[in-house]
1. Residue under question is P366, and the condition is that it be assigned to a loop (DSSP other than H, G, I, E, B), out of contact with any helix residue (DSSP H, G or I) (no Cβ under 8 Å at 6 or more places or on another chain), more than 25 Å from A140 (Cβ to Cβ) and not charged (D, E, K, R); does it hold?
2. Of everything in segment 79-112 that's of a type in the set (S, T, N, Q) and open to solvent by less than 10 Å² (accessible area, probe 1.4 Å), which residue is nearest to the chain's Cα centre (by Cα)?
3. Name every residue in segment 34-70 that is touching a residue at least 60 places away in the same chain (Cβ under 8 Å), open to solvent by 40 Å² or more (accessible area, probe 1.4 Å) and farther than 19 Å from I111 by Cβ, in order of residue number.
4. Test C362 against the criterion of being modelled with pLDDT of 95 or more, more than 16 Å from the chain's Cα centre (by Cα) and open to solvent by less than 10 Å² (accessible area, probe 1.4 Å), and give yes or no.
5. Output the qualifying pairs, or none if there are none: Cβ atoms under 8 angstrom, residues six or more apart or on different chains, first residue in segment 244-263 and within 17 Å of K164 (Cβ to Cβ), second residue loosely packed, with under 12 Cβ neighbours inside 10 Å.
6. Taking segment 78-126 as the region of interest, how many residues are assigned to a loop (DSSP other than H, G, I, E, B) and farther than 23 Å from Q150 by Cα?
7. Kindly check whether there is at least one residue in segment 130-140 that is open to solvent by less than 30 Å² (accessible area, probe 1.4 Å) and not in a loop (DSSP other than H, G, I, E, B).
8. Search segment 344-357 for residues that are in contact (Cβ under 8 Å) with a residue 12 or more places away in the chain and farther than 20 Å from G287 by Cβ and pair each with any residue that is β-branched (V, I, T) and open to solvent by less than 10 Å² (accessible area, probe 1.4 Å) when their beta-carbon atoms are under 6 Å apart and the residues are at least 6 apart or on different chains.
Amino acid sequence: MPELTSRKTLALLGGGFIVAAGAGAWHVSRPVGKALAPWDMAGQYDDPRMAALSWAILAPNPHNRQPWKVDLSEPGMVGLYVDTDRLLPETDPFSRQIVIGLGCFLETLDIAAAEAGFKTETVLFPDGSDPDRLDARPVAQILFEEGAEQDADFPLIARRRTQKDPYDLDRPVSQDSLSTVMQGVRHGSRVDGTVDPSTVQTLRDLSEIALRIEVETPRTYKESVDLFRIGRNEVNANPDGIDFSGPLFETLHLTGQFSRDLALDKSSAAFAQGMDAVLENTRTAMGHVWLCTPGNTREDQIMAGRDWMRLHLAATRAGVAVQPLSQALQEYPEMTEHYATAHALLAKPGETVQMWARVGYCPEVPASPRWPLEAKLMHG
């Protein structure tokens, strides 16, 4: 579930000043109020379904779109739906990545339900599904029943972060550490990874090429820019998308140095200078890990999301940073050649590569904004 980091994207807009002024410093001034309140509210509900859902909404998802809606109208049951207004039609034309995010949501829900002593029985796509588009039909029906044992991964949910800063080039990831991360997978995806320097460099190069294509293709780049949330007011009003908050961003926005229109101006010298900063993440990968499924059905995508959540929690326990860099897995025409290359490198015959991420080490990063659970409840 790739996205540009806000610190790096800002380099496109302000050249060397922003790279110097923003390097690492922007984190300390991100919003600490309304947009982050769901992290503090997690678990603070009497209804076990609400308690579990309040953890599930913290799951990773593409571009932080938080594309889930839930129906609690039937006692003891949760109905999960996709919000079709929160899809990514340009970079994710078949909503494969969106469904992976829903798989992350479901796995987090199961872990959190077990913490309250409830096991879940999930029926996926009870009314069927379309492999090419998501619609109003339910994604899952989840029955809550008493009798579950607590899950050892539960305490990791609140600590999990997608770590989007450059990784420490002087701190290699050992094969043992990578193996520990991969052991988190449990639902049937095939997991693989590498810390071999030659292979890592090959994958760095491929992920850089793919990221360039996403940024240089007007409609796919604009899809990200349209999701910029600039300043505390925008982030609190719409706590999804790509977060640019804190005094530095507020000042740049107020002085006309940072806006969505400026972000789209590729003729500036700042854009050319900033491209290297945007690509720095790909160049600091200290290893890679990926998930493949036997096919590419909606059920396969949900399975990959469940396994990605478990892998990410295992990485959290091990202190290993992970960030999806899956641009080469996107299915729009300009990416076709690199999609084929990624599958030739990472997949076995017939498999679909569902997730691909860099691993390494970097300082801790703050939580991402979230919509409150109440905003995701269906009514009527």
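The values are calculated or read from the model by the stated rules, or taken from the named source; none is laboratory data. Treat the numbers as computed from the prediction; the structure is a model and nothing was measured. Cβ atoms come from the backbone with ideal geometry, glycine included; neighbour counts cover every protein chain shown. Only protein heavy atoms, including side chains, enter the accessible area calculation; ligands, DNA and RNA are left aside. Shrake-Rupley method; radii C 1.70, N 1.55, O 1.52, S 1.80 Å.
1. No.
2. That would be Q97.
3. Residues satisfying the conditions are K34, K69.
4. Here the answer is no, as C362 does not meet what is asked.
5. These pairs meet every condition: G246/V28.
6. 12
7. Checked segment 130-140: at least one residue is open to solvent by less than 30 Å² (accessible area, probe 1.4 Å) and not in a loop (DSSP other than H, G, I, E, B).
8. T352/T293
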